[in-house]
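The values are calculated or read from the model by the stated rules, or taken from the named source; none is laboratory data. On a predicted model such as this, the values are computed, not experimentally measured, just so you know. Heads up, the Cβs are rebuilt from the backbone with ideal geometry, glycines too, and the neighbour counts pull from every protein chain shown. For accessibility, only protein heavy atoms count, side chains too; no ligands or nucleic acids. Shrake-Rupley method; radii C 1.70, N 1.55, O 1.52, S 1.80 Å.
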There are 2 protein chains.
Amino acid sequence: MGQQNLIKELENRAISPTAMRLLVLDQLKKASVAMSLADLEIALDQADRTTIYRSLKKFEENKLIHSIEDGTGSVKYALCESNCQCTPEFTHAHFHCNNCEQTFCLRNVHLPDLSLPKNFVAENSSFVIKGRCDHCR
Amino acid sequence: MGQQNLIKELENRAISPTAMRLLVLDQLKKASVAMSLADLEIALDQADRTTIYRSLKKFEENKLIHSIEDGTGSVKYALCESNCQCTPEFTHAHFHCNNCEQTFCLRNVHLPDLSLPKNFVAENSSFVIKGRCDHCR
DNA sequence: GTTCTTGCAAAATATTTGCAAGACG
DNA sequence: CGTCTTGCAAATATTTTGCAAGAAC
């Protein structure tokens, strides 16, 4: 495990594995929940917000992570599956706990065919379910 | 049509029908798409942002409208159906056009049973599909 | 030396609150 | 009078950009 794997994951997405990016990726992997920019800034207390921000943008652009708007007012980020393509067929579903405010990625949520209005074309989608997580109910 | 109906709609939700609130509701009804606070501020150029903001909060609190995070960075608002309860069974689905940046409410989108992790309880949910609308494809 | 990355500062954008004046009952 | 509503101002939060110094190749 460890550093070498992280480096590989970045390189697989054509991202230079700099020290800062490794820290950000490491933190995202360690977290079981989606993290906001502010969350990461706190977790990596040595790091500059802008640098984390640009790391996240780069990661997202290269499909290493995806962003989630869970209704808290700040965008959260979470790792994509290795084969993630962020297409409608691979909709990212997330669960936001209204009590502890954590946002979980839900894998394997199967969504049905979408019956969109005529001539509307889906490119991707996001599904956020809100409620109580197992610790907070 | 008109003023009397708007007044009734507010009163049905236990909202005092003030002049400003009628303007905001009227605008939301006229718009075929979801509107942000900034959108409303422009549309109702005589109105103060704070007043619109508080109208929207009141409307949302009393379930006259619902809010949507469509990924643009600003929250949008749209009218609820008259029988809307904003529960998981009545999930609000929306379509955001990546080209013209408009957000449409999708009625009658049927979502499947959600297979949540054990002990997770859904209270409501939001589903945003992104792509191209009929005018922009 | 040229490109990429980082960190500080600051701008831009969005949301929210404080407070006093006014409207309403 | 007392509560609700409004509008201005300002605070807060969040995201984004400019720029120069430093690192990487």
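Rolling a 1.4 angstrom probe over the protein heavy atoms with all chains in place gives chain B an accessible area of 55 Å² per residue. Counting only protein heavy atoms and rolling a 1.4 Å probe, how much accessible area do A and B lose on contact, total for both sides, in Å² to 100? It comes to approximately 2800 Å² buried between A and B.
With the label put 7 angstrom out from Cα along the Cα-to-Cβ vector, B:Lys57 ends up 3.1 nm from the copy partners, going from closest to farthest.
Against chain B, whose longest principal axis comes from its Cα atoms, helix B:3-12 is set at around 50 degrees. For B:Gln102, the residues whose amide H sits under 5 Å from its own are B:Cys97, ignoring neighbours fewer than 5 places away on the same chain, with H placed 1.01 Å from N. The phi-based Karplus calculation (6.51 cos²θ - 1.76 cosθ + 1.60; θ = phi - 60°) puts the 3J(HN,Hα) values of region A:26-36 at 4, 5, 5, 6, 5, 5, 8, 10, 6, 10, 8 Hz, whole numbers, x for Gly and Pro. Taking Cα atoms, how many degrees apart are the long axis of helix B:49-61 and the longest axis of chain B, rounded to 10 and kept between 0 and 90? The answer is roughly 50 degrees. With label points set 7 Å from Cα along Cα→Cβ, the inter-copy distances at A:Gln46 are 6.0 nm, sorted shortest first.
Considering only protein heavy atoms and a probe of 1.4 Å, how much of the accessible area of region B:3-131 is carbon and sulfur, as a whole percent? The value for region B:3-131 is 45 percent carbon and sulfur by accessible area. Divide the volume of the convex hull around the Cα atoms of chain B by the residue count and you get 137 Å³ per residue. Around the amide H of B:His94, modelled in the peptide plane, lie the amide H atoms of B:Leu106, B:Phe127, B:Val128, B:Ile129, all under 5 Å away and 5 or more residues distant in sequence or on another chain.
Between B:Glu123 and B:Asn12, the distance separating the two model label sites (each 7 Å from Cα on the Cα→Cβ line) works out to 2.6 nm.
Across the protein assembly as shown, the convex hull enclosing all Cα atoms gives 156 Å³ per residue.
Counting from the shortest, the label point at B:Lys29, 7 Å from Cα toward Cβ, is 5.7 nm from the same position in each remaining copy. Across region A:121-137, rounded Karplus estimates of 3J(HN,Hα) from the backbone phi angles (6.51 cos²θ - 1.76 cosθ + 1.60, θ = phi - 60°) give 10, 7, 10, 7, 7, 9, 10, 10, 9, 10, x, 10, 7, 4, 7, 10, 7 Hz, Gly and Pro being marked x. Across peptide B:8-15, the mean count of Cβ atoms from other chains lying within 10 Å of each residue's own Cβ comes to 0. About its Cα centre, the dipole of chain B is roughly 40 debye, where the only charges are +1 on Lys and Arg Cβ and -1 on Asp and Glu Cβ. Beta-bridge orientation, region A:3-131: approximately 60 percent antiparallel, per DSSP, counting only bridges with both partners inside. Note on B:Arg137 and B:Tyr53: the model spin-label points, each 7 Å out from Cα along the C-beta direction, lie 3.9 nm apart. For B:Tyr53, the shell of other residues with beta-carbons less than 11 Å away shows a net charge of +1, using +1 for Lys and Arg and -1 for Asp and Glu. Considering only the Cα atoms of region B:1-82, their convex hull presents on average a projected area of 5.1 nm².
Remark: region A:14-21, residue by residue, has Karplus-estimated 3J(HN,Hα) of 6, 10, 4, x, 7, 4, 4, 5 Hz, where x stands for each Gly or Pro and the curve is 6.51 cos²θ - 1.76 cosθ + 1.60 at θ = phi - 60°.
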